Amino acid sequence: MITCYNLSLEYTPGHKVLRDISLKIPQGSFHFLTGPSGAGKSTLLNILSLAMQPTQGRLALFGKDVTYLGREELPELRRKIGTVFQDYKLLNHLTVAENIGLPLKVIGEPQHEINDKVDELLEWIGMRQYHRVKPATLSGGEKQRVAIARAVINNPPLLIADEPSGNLDPRLAKRFMYLFESLNKMGTTIIFATHDTELIKGFNHPVLDLKEGHVREVKAAA
Ligand SMILES: Nc1ncnc2c1ncn2[C@@H]1O[C@H](COP(=O)(O)OP(=O)(O)OP(=O)(O)O)[C@@H](O)[C@H]1O
Ligand SMILES: [Mg+2]
């Protein structure tokens, strides 16, 4: 599903944030990604979700080398990846409902079907009354819920979530973990970055530990 070959990333020349990362993430797996603040988790996830290109190395997604894709090939691949960005990246000129429905809008789904799915997700995230609200006035946790709803609305085969429960209260965080778990059981491959060691302990998933530019995979407890 995801293969990285000696991926490196430097924002400033000579200073590598990621160093020669080689990884294989099988289809249908669920991995946590952890590591200290500033270790490069978001950087790695941005590369995997095709929001950024590595400085060196190669990346294959869905069995295809995507390292140097042309601009015209990117949108189709990106549609297969649901991404929850650490800073949400909601579009401020659109309403909450429009943000959530965007992945379906861009593939030309009929508006009534988009509305039905958006309503269902709004209900599920407990934000039905925010339908027409613009993201700017939402709290951090509300923005996060909208970002998660947008990432899952088109059932992507790959879900990349960067601290998706970082701003949620424990009850909501648990609810969303169940959502991620059930998506994974239905076949979605998930990479989930978190600092929350208690959360990680509660699930039997392998952990990618990012430190000093290197990733070490720690197997889940049997
Ligand atoms: N656009 C950028 N330009 C220059 N440096 C950057 C840029 N983005 C991130 N960095 C630096 O790269 C390093 C890794 O950042 P990144 O955001 O990937 O870390 P992280 O592991 O996600 O941290 P956190 O746990 O705080 O979210 C940090 O030192 C950061 O300051
Ligand atoms: Mg980060």
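The values are calculated or read from the model by the stated rules, or taken from the named source; none is laboratory data. Bear in mind that the values here come from a model prediction, so they are computed numbers and not experimental data. FYI the Cβ positions are ideal-geometry reconstructions off the backbone, even for glycines, and counts take in every protein chain you see. Note: areas computed on protein heavy atoms with side chains; ligands, DNA, RNA excluded. Shrake-Rupley method; radii C 1.70, N 1.55, O 1.52, S 1.80 Å.
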Checklist line | Euclidean distance of C-alpha centroids, segment 96-114 and segment 1-37, integer Å | finding: 32
Checklist line | Degrees separating the helix 111-124 axis from the principal Cα axis of the chain, which is the longest one | finding: 80
Item checked: Overall form of segment 139-208 per C-alpha gyration tensor (a/c, 1.5; a/b vs b/c) -> oblate
Check: Most fluctuating residue of Val133, Val96, Val146 in a GNM of the chain with Cα springs under 10 Å: which is it?
Finding: Val133
Next item on the list: Decide, for segment 1-95, between rounded, prolate and oblate: order the square roots of the alpha carbon gyration tensor eigenvalues as a ≥ b ≥ c, take rounded if a/c falls under 1.5, and otherwise choose prolate if a/b is larger than b/c, else oblate.
Entry: rounded
Next item on the list: May I ask for the angle, rounded to the nearest 10°, between helix 140-152 and the longest principal axis of the chain, with both axes built from Cα atoms and the value confined to 0 to 90°?
Entry: 80
Next item on the list: Quick one: net charge around Asp169, please, counting Lys, Arg +1 and Asp, Glu -1 for every other residue with C-beta under 15 Å from its C-beta.
Entry: +1
Next item on the list: Could you order Ser182, Ser165, Ser37, Ser8 by accessible surface area, starting with the largest, using a probe radius of 1.4 Å?
Entry: Ser37, Ser182, Ser165, Ser8
Check: Taking a ≥ b ≥ c as the square roots of the eigenvalues of the Cα gyration tensor of the chain, is the shape rounded (a/c under 1.5), prolate (a/b larger than b/c) or oblate?
Finding: prolate
Checklist line | Relative contact order (%) - criterion: Cα under 8 Å, at least six apart; region: the chain | finding: 29
Checklist line | Relative contact order of segment 67-175, defined on C-alpha pairs under 8 angstrom at six or more residues apart (%) | finding: 43
Margin query: Not counting ligands, DNA or RNA, and with a 1.4 Å probe, what is Asp116's accessible surface area in Å² rounded to the nearest 10?
Written below: 100
Checklist line | Accessible area of segment 1-153 belonging to carbon and sulfur atoms, whole % at 1.4 Å probe | finding: 49
Next item on the list: Set the Förster distance to 41 Å, then compute FRET efficiency between Val133 and Lys24 from the Cβ-Cβ distance, nearest 0.05.
Entry: 0.45
Next item on the list: Would you kindly find the accessible area of Val66, with a 1.4 Å probe and non-protein molecules such as ligands, DNA and RNA excluded, rounding to the nearest 10 Å²?
Entry: 10
Next item on the list: Whole number in Å², please: accessible area per residue of segment 74-222, 1.4 Å probe, ligands, DNA and RNA not counted.
Entry: 53
Margin query: Just to be sure I follow the rule: in segment 128-201, considering lysines 8 or more places apart or on different chains, how many pairs have Cα atoms under 25 Å apart?
Written below: 5
Next item on the list: With everything on Cα atoms, drop me the angle between helix 170-185 and the longest principal axis of the chain, reported from 0 to 90° to the nearest 10.
Entry: 70
Item checked: Sites excluded, GluC sites (Glu not before Pro) in DSSP loops with at most 13 other C-beta within 10 Å, longest stretch of the chain -> 74-211
Check: If you take the beta carbon distance between Thr197 and Asp87 as r and set R0 to 22 Å, what does 1/(1 + (r/R0)^6) give as a FRET efficiency, to the nearest 0.05?
Finding: 0.45
Notebook entry, point to check: How high is the FRET efficiency between Ile107 and Lys64 when r is their beta carbon distance and R₀ equals 25 Å, given to the nearest 0.05?
Noted result: 0.80
